[in-house]
1. Hey, what did the range 298-370 get for relative contact order, percent, Cα under 8 Å, at least 6 apart?
2. Want the number for residue 88 to residue 271: 0.36 nm per residue separation, take away the alpha-carbon distance, what's left?
3. Quick check: at a probe of 1.4 Å, how many percent of the accessible area of the range 224-333 sits on carbon and sulfur atoms?
4. Tell me the chymotrypsin sites (Phe, Trp or Tyr not before Pro) within the range 312-355 that lie in a loop according to DSSP and have at most 14 other beta-carbon atoms within 10 Å.
5. A 31 angstrom limit on the alpha carbon distance is what I want to check against. Which of 101/202; 261/438; 13/438; 281/349; 202/261 exceed it?
6. Tell me, what is the FRET efficiency for residue 319 and residue 255 to the nearest 0.05, using R0 = 30 angstrom and their Cβ-Cβ distance as r?
7. Between residue 402 and residue 245, with labels modelled 7 Å along Cα→Cβ, what's the label distance in nm to one decimal, could you check?
8. Rounded, prolate or oblate, given the Cα gyration tensor of the range 349-389, with a/c below 1.5 counting as rounded?
Amino acid sequence: MKNITFTERDDFKRKSVAEKVSLLLESPIDVSPMVIDGGWGTGKTEFCHKLINLMMEKDSHHLIYIDAFQADHADEPLLTILAEILKVLPEGEQREGFVQKILPTVRYGLKTLAKAGVAHVLKQDTDTVFDGFDKEIQQIADKAIDSSVESLLKDHIKANESLETLQKTMADLTEEKPIIIFIDELDRCRPDFAVSLLEVIKHTFSVNGVQFVLVTNTNQLKASINHKYGDSVNAQQYLDKFLKFTFILPNSFSESAGSAKSLVSVHHYRNLVSQSPILGKLNLTENAEFSFISHIIKAQHLSLREVETLVRYIEIYQQLSGEEALGTNIVFGYRLLRLFGVVLFCFNKQIASSLTQSRADAKQIAEYLGEHQIVPIHEGGLDAEHHQVILTMIAQECWYNSDLFEPNDEHHDSEWHHLIEAYFCRARISPRKGERSKITVEAIQTLNLM
C-alpha cells in the first residue's frame, strides 16, 4: 500500500481532496496538527499513502509516515517520532550531531518515568507492612522519595534547557527542507499511549518547519482522552485547543461534473464483486440484486472494510453452495433471499440465530432494513422496493410481530400475492408462504458449515 498512487487507483475521486490538503500544508497558514477524520474502514490509510506519494513528486518536504498502532507496544512516543526523523537524515556527521543534541531530552523522559515508578512502589510498600516495621520502612521510603524529587527538580531545569536545544536543532534541521509527519492508526492505540503521543506533539514539537497530520477517528480519540482523564473532562475542548484544522474524508463522490453522487462504499462493493473470480460473472452488480445490497449498505452505513467482509462472505457462500446458489440461471427471488441470509450471518448474528430457531421478530428485521410496517397501496397500485418485498416475505413468517406485515384487506393481499409471485416467475416451483424464510435460513446454515 505504501507505493500506491492516485494514478494507479482513484476509485473514489479523492485526488482533488489530496491536492487541497497538499496546498494547505505547503502554505504559510498554521494548520498543524491537521486531522484527517473518518470512521474505521473508510479508506484513511490508503488515502494517506496516496497523499504522501503525491507530495513526494514535488520533493519540497521530508515526508514521514508512522503507524502509531505498531509503535504503541514500545510506550515511548518521543522515541518513536525521533527515530523516524533520524531515517530522513543522511548517515554521517549530520545524523550523529542530531543524536548527540537530542539525547539529553530523551534521557530526561526516561529518567522521569523510572524515578516516578520507584517512588510509587516504595510508597505502596509502606502501606502494607506490619506495624512493627512501619516507622523504619517509612523513613527509608521518605529519604528515597525526597532524593528522587530533588533529582527530578534538577533534571527538570536541565530538561528545559534540553528541550530548547531539541527544538532549536529541529528548527535548524528543517530550515532547508521542512518535515511533515503523518501519524496513522492513532484511534487503534491504547488510550494512554494515544494521549501521550498527542501531548508529546503538543509540548515537544512546537517547532517551525515541523508539521503533523493525524489520520484518525476523532470520536475514538475523544474516548481515549476521557479514558485517561475521566468523563468530567470535555474531550472536544481538549482537542480544540490543540488541533488546528480537521476535515472528514468524504464518503461520496461524483463521477463527473453535474452527475449524481455515489456512495463510496456502494461503489467499492460494485468494484470488488466485478473483480472477484468467484462472483464476477454472476451479475450481482445489476438489477434487483445490486439495488437490494446497495440499500443495506446505505441503511447500515457499512464502511469500506465491512463491504470487503461482506463480499468475502458472499464468495464463501457461493464456493460452499456451488453454481446453483447464486447462478445467473437462478430466479432473483431466490438470489435475494440467499443474499439476505449472507448479510445477516455476516453482520447480525442475533437475527440470523432467531431465524434458524424459528423465533424471529419481524419488527427487529424491519428495523435492520430501515422499515417499520408493510408498504401501503398508493393510488395506482403497489409500489415496493426490493428490500421491502424481501422483508414482507420473511416478516409474514416470523414468530413475533408478523401482523405488522399482513395486508389490511383482500385487495391489498392480492396485490402482494402477485408481486411476490413475480419474484419467482421463472422458477419451476414458487415457494409458498411459510417456505420463503427457509431459503434465507439455508444460506445462514451453509455459512455455519451445516
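1. Numbers: 30 pairs, mean separation 25.7, N = 73.
Relative contact order for the range 298-370 comes out at 35 percent.
2. Details: separation 183, 0.36 × 183 = 65.88 nm, distance 3.72 nm.
Contour length minus the Cα-Cα distance gives 62.2 nm.
3. Ligands and nucleic acids excluded, carbon and sulfur give 49 percent.
4. On the way: sites: 313, 317, 332, 334, 340, 345, 347; in loops: none.
Nothing satisfies the criteria.
5. Beyond 31 Å: 261/438; 13/438; 202/261.
6. 0.40
7. The two pseudo-label positions are separated by 6.0 nm.
8. prolate
The values are calculated or read from the model by the stated rules, or taken from the named source; none is laboratory data. Every value quoted in this text rests on a predicted model; they were computed, and no experiment measured them. Glycine also receives a Cβ, built like all others from the backbone with ideal geometry; neighbour counts cover every protein chain displayed. Areas reflect the complete protein model, heavy atoms only, side chains present, ligands, DNA and RNA absent. Shrake-Rupley method; radii C 1.70, N 1.55, O 1.52, S 1.80 Å.
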